[in-house]
Ligand code: C2E
Ligand code: MG
Ligand code: MG
């Protein structure tokens with residue numbers, strides 16, 4: 001073969017090599033490049049083991065972008081992210097893309113936690129500016145996890161695992177978080193894994209229970225329904241709040257199983273109540289992104305023999321925001337079957353009044369944060385007044401959550417709030433205690449009870 005041939009071959013070799021190390025969508029290096037770079041840095045510093053840092057950057061809520069605006073829009077955003085990361089990366093840094101919406105960066109001159117956090121903050125800021133998609137702008141946040149060599153791992157695999165653990169923690173704490181790996185964080189994540197195992201077992205062994213808290217009509221304090229609230233006491237871990245285990249089940253992908261079990265239990269318990277009382281049940285935001293939800297909900301009601309018109313489902317704003325089309329369809333199917341929909345924790349999320357009209361809710365639950373301030377803080381009072389007036393105009397019912405004192409109940413009544421819920425009227429209690437509550441507080445139920453006694 002002539003010299004021209006071998007040059008050509010050489011070129012192809014290089015090209016092949018480059019291809020194997022390049023992410024084709026963004027033109028950044030890929031995971032192989034990252035691994036080589038990390039190994040090379042570690043080798044360079046073998047004699048004098050100076051630290052360096054590797055960070056993983058993961059976009060929050062990227063998946064719905066593909067679903068909502070299409071693959072091309074998703075790709076466009078990934079390219080813009082790549083561009084921004086490269087532009088903001090300090091000298092000597094290497095930026096790579098792994099897969100999907102996950103990027104990595106090696107920072108040879110970042111040696112300790114504070115430096116990693118600073119770099120993280122900068123990346124986070126750069127990525128949070130709107131993305132231009134031609135006909136619209138999209139905003140995204142990013143979660144970051146950092147691991148510092150050699151403390152967080154002596155080889156590439158271990159280092160990346162630590163960075164993944166840090167990222168995982170960031171994700172668990174919500175959007176736009178930055179975590180630098182440490183032994184404490186590894187411990188914390190280990191406990192979360194134990195918690196997850198315990199919860200999975202509790203679901204299998206059917207030891208997650210449901211309690212009920214009365215919702216009353218403020219005009220005469222008459223009980224009109226109950227909210228079902230999940231309760232779990234683990235033999236080792238003790239009482240675990242649903243505010244902890246519900247998000248855990250969402251994150252680990254078994255909220256549907258948990259929720260179905262709870263709905264079945266709640267509906268079964270409700271059968272023993274007077275028929276004029278409704279059951280209010282919390283739907284997780286993940287369930288509003290899952291098209292199977294309406295079918296499984298109706299199937300459970302059907303198998304229990306529960307009239308869907310007695311059911312209200314509480315949903316939050318985050319749920320309807322992230323996957324609006326799916327959510328709209330699910331809500332429509334549920335409403336067609338006679339189920340009513342309440343907007344929970346109103347006023348705390350990214351409230352959009354337009355959404356109230358768009359989603360045809362039946363009821364709004366004012367968050368406890370406003371209610372508990374109502375007797376001391378004029379602003380909260382005005383906010384509640386405004387919500388009540390607005391709901392009147394939109395023909396929506398209103399429940400004030402977290403009423404703890406008579407003074408709060410009086411104030412809310414005076415402001416025209418229709419319904420209330422809170423420790424003042426009754427704490428959440430188990431099925432048997434709920435029946436006792438009814439025999440004390442529900443006139444007709446008490447009569448029937450007495451008659452059959
Ligand atoms: P949420 O739906 O807003 O429920 C109201 C929370 O406020 C409950 O907390 C309830 O016990 C508490 N609460 C009620 N009245 C008062 C009061 O007067 N004072 C105070 N300080 N608190 C009051 P809980 O039971 O810990 O539940 C926390 C959250 O966990 C719920 O907030 C709900 O988002 C979620 N959750 C609970 N059970 C379920 C469930 O079965 N499925 C789903 N998806 N989420 C659930
Ligand atoms: Mg609720
Ligand atoms: Mg609430």
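The values are calculated or read from the model by the stated rules, or taken from the named source; none is laboratory data. None of these values were measured; they are calculated from a predicted model. Glycine gets a Cβ as well: all are built from the backbone with ideal geometry, and neighbour counts include every protein chain shown.
Here are a few things to note about the model shown:
- All conditions in (1) under 29 Å from the mean Cα position of the chain (by Cα); (2) at pLDDT 95 or above; (3) within 14 Å of ligand 1 (Cβ to nearest atom) hold for residue 374, with the sole exception of (2).
- Odd one out for residue 179, checked against (1) touching a residue at least 60 places away in the same chain (Cβ under 8 Å); (2) outside any helix (DSSP H, G or I); (3) under 20 Å from the mean Cα position of the chain (by Cα): (1)
- Residues that are closer than 15 Å to residue 360 by Cβ, within 16 Å of ligand 1 (Cβ to nearest atom), in a helix (DSSP H, G or I) and touching a helix residue (DSSP H, G or I) at 6+ places or on another chain (Cβ under 6 Å) within region 320-347 comprise 320, 327, 330, 334, listed in sequence order.
- Some residue of region 253-272 being touching a helix residue (DSSP H, G or I) at 6+ places or on another chain (Cβ under 7 Å), modelled with pLDDT under 90 and surrounded by fewer than 16 Cβ atoms within 10 Å (Cβ to Cβ): no
- Flag if residue 384 is within 16 Å of ligand 1 (Cβ to nearest atom) and under 23 Å from residue 309 (Cβ atoms): no
- The set of residues in region 24-61 being buried (at least 20 other Cβ atoms within 10 Å of the Cβ) and under 31 Å from the mean Cα position of the chain (by Cα) consists of 26, 28, 34, 53, 54, 55, 56, 57, 58, 59.
- Some residue of region 414-426 being surrounded by fewer than 19 Cβ atoms within 10 Å (Cβ to Cβ) and within 15 Å of ligand 1 (Cβ to nearest atom): yes
- The set of residues in region 284-310 that are touching a helix residue (DSSP H, G or I) at 6+ places or on another chain (Cβ under 7 Å) and within 16 Å of residue 327 (Cβ to Cβ) comprises 284, 285, 286, 287, 288, 289, 290, 291, 293, 294, 296, 297.
- Cβ-Cβ distances below 7 Å connect the following pairs, each with a first residue in region 284-306 that is over 13 Å from residue 257 (Cβ atoms), a second residue that is within 16 Å of ligand 3 (Cβ to nearest atom), and a separation of six or more residues or different chains: 285/316; 285/318; 285/319; 288/315; 288/319; 288/320.
- Meets criteria (touching a strand residue (DSSP E or B) at 6+ places or on another chain (Cβ under 7 Å), in contact (Cβ under 8 Å) with a residue 12 or more places away in the chain and either over 22 Å from residue 360 (Cβ atoms) or more than 16 Å from ligand 2 (Cβ to nearest atom) (or both)) for residue 266: yes
- Flag if residue 151 is out of contact with any strand residue (DSSP E or B) (no Cβ under 9 Å at 6 or more places or on another chain) and in contact (Cβ under 8 Å) with a residue 60 or more places away in the chain: yes
- Picking from residues in region 234-258 that are touching a strand residue (DSSP E or B) at 6+ places or on another chain (Cβ under 7 Å) and touching a residue at least 24 places away in the same chain (Cβ under 8 Å), the one that is farthest from ligand 2 (Cβ to nearest atom) is 234.
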